[in-house]
Amino acid sequence: MFAPLDKNQVPYGVLYDRAAQGAGLIQFNAQAPDTSSVLHFRQAVYDLHTTAFNTALLPCQANVRDYARQSSDRDTALIGMLQYKFGYIDSTAVASNLLYYDTNTPALLHDVPGRPRSPYLTQEVTVMAALLDTARYGVLRFRLDTRLCYANTGRTLSSVSVDFADGNGPQTLLPNQTRTVTYGSTGRKVLS
């Protein structure tokens, strides 16, 4: 469907329309901060990897999963982070004569030469999650692992603020720093 499009015109070299969009990144964080999870984070990596024209910038989902599993244990949760910009097709692009379907190849979109504006909209998303499904009760260590931080924004990660849902409020976490957190109760914890 997208093969005839000029890939050089696609913002950030990522056309999100090329995926099934399982992570819903166009709407993610659109109105307020959203909650991610280990599964959502891996789906976001998958979506961006499969929609990027240069896949060398982002690892495949399986590599992220395998690294997180090998480097984590029941007492340590690695935190992964995506700060990514991407493009997607404006829903009015065909009606606005920015893209068209050729009558000989109706399933393929084509660029309109000399169009007045781009047919693409842009989005920037930040997705962060602890990459551990379950943990033991009590003391848990969190580490912001830079090998699980991916960005195409041009910004350098210097720190993040994380509320570990332990009653102590937001804490600053530096890249590759480990923070020990004590939970006084069992159950699902939502970090923010």
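What to note about this one:
- Pairs where the first residue, in the range 170-188, is farther than 17 Å from THR134 by Cα and the second is among the hydroxyl-bearing types (Ser, Thr, Tyr) and surrounded by fewer than 11 Cβ atoms within 10 Å (Cβ to Cβ), C-beta under 8 Å, 6+ apart: PRO170/SER161; GLN171/SER161; THR172/SER161; LEU173/SER161; LEU174/SER158; PRO175/SER158
- Condition check for GLY167: part of a loop (DSSP other than H, G, I, E, B) and within 30 Å of PHE2 (Cα to Cα): no
- Residues (within 11 Å of the chain's Cα centre (by Cα) and outside any helix (DSSP H, G or I)) located in the range 30-54: SER36
None of the figures in this text is laboratory data; all of them are computed from the coordinates on show. Only a predicted model underlies this, so the values are computations on that prediction, with no experimental measurement involved. Methodologically, a virtual Cβ is constructed for each residue, glycine included, from the backbone with ideal geometry; neighbour enumeration extends over all protein chains shown.
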